[in-house]
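The values are calculated or read from the model by the stated rules, or taken from the named source; none is laboratory data. Bear in mind the structure is a predicted one, so any value in this text is a computation, not a measurement. Counting neighbours? That spans all protein chains shown, and the Cβs are built from the backbone with ideal geometry, glycine included. What goes into the accessible areas is simple: the full protein's heavy atoms, side chains included, and nothing from ligands, DNA or RNA. Shrake-Rupley method; radii C 1.70, N 1.55, O 1.52, S 1.80 Å.
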2 protein chains.
Amino acid sequence: MAKIRLGFLASGRGSNLQAVIDQIQQGLLDAEITCVISDVENAGALVRARDENIPAFTISGGAAKTKTEPDIERRIVECLEEHQVELVCLAGYMRIVKEALLKAFPLRIINIHPALLPSFPGLNVQKKAMNYGVKFSGCTVHFVDEGTDTGPIIIQAAVPVKDDDTEETLSIRILNEEHRIYSEAIRLIANKKIHIQGRRVLTS
Amino acid sequence: MAKIRLGFLASGRGSNLQAVIDQIQQGLLDAEITCVISDVENAGALVRARDENIPAFTISGGAAKTKTEPDIERRIVECLEEHQVELVCLAGYMRIVKEALLKAFPLRIINIHPALLPSFPGLNVQKKAMNYGVKFSGCTVHFVDEGTDTGPIIIQAAVPVKDDDTEETLSIRILNEEHRIYSEAIRLIANKKIHIQGRRVLTS
């Protein structure tokens, strides 16, 4: 079976990208990262990619901060298609994916979100979870649709929120689980182990 | 230390009431249930109460199905006060608590909800969780405020949602945790172990 070809979109330091790189190098995930694209010049994710000789590109997202203009998104699609990407992995990508990407990669874009969706979609969610006072939070890998963190859920992990937690300690606890479940979700998709019923993602 | 005096409001079979009765009888919870009130004649909760010689009352909730008219709610308050209730426990009580009760028992009304709030407030939430496709659900004990399932969270428990779950099997898995955490929340309050910071409920 050919390795699944992954393309990453990331805006930040890229720790989830690194976790997937590590899993591949350890022989635990049969995948190839064919390109990493960032809207942020010199983002950590790009540095990590270049360190691993993975083609890395900056495609500036345009004026708006949380979405991408259609012509720019089409350039992203072109880049992904040039690298024959089969599965697009968002990893700390801070812009909402719009029509051009969604149409080019239907049910082939996944995202990892640091909360137990549908609780706490959007930004700064570890802080929101702390302030709300939940006793469990976690992380979610889901297919990307036109909403914000609303697509069908592939895997979740739950972690306790402790009385003495700060936003930082909770974020670290969640991040450890993110690193585990993102590769697990990619593995399930690569091995064609999942199917969708309604909006439930089932493992066969 | 005197036993904390509990009053239950329930509309259904009263399995959470029974779990608290069991904990008290096993010497695991230092509390006394002084009355059980239901808006539904012959509700299972009333039958269980009478079996244990706990004063049990039907106070019909009035025309609306999901809320209680103010004069009726005042009758409930009177009944609770007559029985010197210190903590009001909602257990499958299908009406929204309004001003008369909230004012009479500020931060002294708790509820148990079969989902990991703030996900899935309201009714039929096990089914909603199944249909949404979450991989974890659970239950929440929270203080009751003027919203629907929005008050500060005392305890939560998380349970996995499995691929072969039905609404029924998931409900049973959640119910087992409900029976555990409701008594635990009452124990924390009885022992004055909690304090509220913002909307976070912390255990001291």
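Key figures for this structure:
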read-out: Listed residues A:His83, B:His195 arranged by accessible area, highest first, probe 1.4 Å; value: B:His195, A:His83
read-out: Top of A:Ala64, A:Ala100, A:Ala158 by mean-square fluctuation, Gaussian network on chain A, Cα under 10 Å; value: A:Ala64
read-out: Exposure rank, largest accessible area first [A:Leu107, A:Leu175; 1.4 Å]; value: A:Leu107, A:Leu175
read-out: Diffusion constant of the protein assembly as shown at 37 °C, which comes from Stokes-Einstein with the Kirkwood Cα-pair radius and 0.692 mPa s, µm²/s; value: 141
read-out: The range A:83-137 - Rg (one decimal) and Dmax (whole number), Cα, Å; value: 14.1, 44
read-out: Mean Cα-pair separation over length for the range B:111-204, i.e. relative contact order, pairs under 8 Å, 6 or more apart, %; value: 27
read-out: Candidates A:Ile181, A:Ile194, A:Ile109: whichever shows maximal mean-square fluctuation once chain A is modelled as a Gaussian network with Cα springs under 10 Å; value: A:Ile194
read-out: Paramagnetic label zone (point 7 Å from Cα along Cα-to-C-beta, B:Asn176; backbone N under 19 Å) in the range B:15-44; value: B:15-20, B:22-23
read-out: Phi-based couplings in Hz for the range A:94-100 (Karplus 6.51, -1.76, 1.60; Gly and Pro marked x); value: 8, 10, 6, 6, 10, 4, 4
read-out: A:Ile4 long-range amide H proximity, modeled H, under 5 Å; value: A:Glu32
read-out: GNM top mover of A:Ser119, A:Ser183, A:Ser15 - chain A, alpha-carbon springs below 10 Å; value: A:Ser119
read-out: The range B:58-204, accessible area per residue, ligands and nucleic acids excluded (1.4 Å, Å²); value: 45
read-out: Fraction of antiparallel bridges per DSSP, the range B:1-106 only, in percent to nearest 5; value: 0
read-out: Where only alpha carbons of the range A:111-204 are counted, the Rg and the Dmax (Å); value: 13.5, 41
read-out: Residues of the range B:163-204 buried by at least 50 Å² on assembly (accessible area, 1.4 Å probe, chain alone as reference); value: B:Asp163, B:Arg199, B:Arg200
read-out: Under Karplus coefficients 6.51, -1.76 and 1.60, residue-wise ³J(HN,Hα) of the range A:10-21 in Hz, glycine/proline x; value: 8, 10, x, 6, x, 6, 5, 4, 4, 4, 5, 4
read-out: Chains B and A, summed buried accessible surface - 1.4 Å probe, Å², nearest 100; value: 2300
read-out: Area accessible to solvent at A:Glu78, 1.4 Å probe radius, in Å²; value: 100
read-out: Residue-span extension gain [A:Thr58 to A:Gln84] - 0.36 nm each, minus C-alpha spacing; value: 7.6 nm
read-out: Convex hull of Cα atoms in the range B:1-106, direction-averaged projection (nm²); value: 6.3
read-out: Shielding of B:134-142 by partner chains, average beta-carbon count, 10 Å; value: 5
read-out: Pairwise centroid distance, computed over Cα atoms, of the range B:27-98 with the range A:143-194, Å; value: 41
read-out: Estimated FRET transfer efficiency (A:Arg74, A:Gln197; beta-carbon r; R0 30 Å; 0.05); value: 0.40
read-out: Antiparallel bridges, percent of DSSP beta bridges restricted to the range B:54-204 (to nearest 5); value: 75
read-out: Residue order for B:Asp22, A:Asp51, A:Asp30 - accessible surface, 1.4 angstrom probe, largest first; value: A:Asp51, A:Asp30, B:Asp22
read-out: Chain A - Rg over Rh from alpha carbon coordinates, Kirkwood radius; value: 0.95
read-out: Length-normalised contact order of the range B:57-133 in % [C-alpha pairs under 8 Å, at least 6 apart]; value: 26
read-out: Heavy atoms of B:Asp163 accessible to a 1.4 Å probe, total area in Å² rounded to 10; value: 60
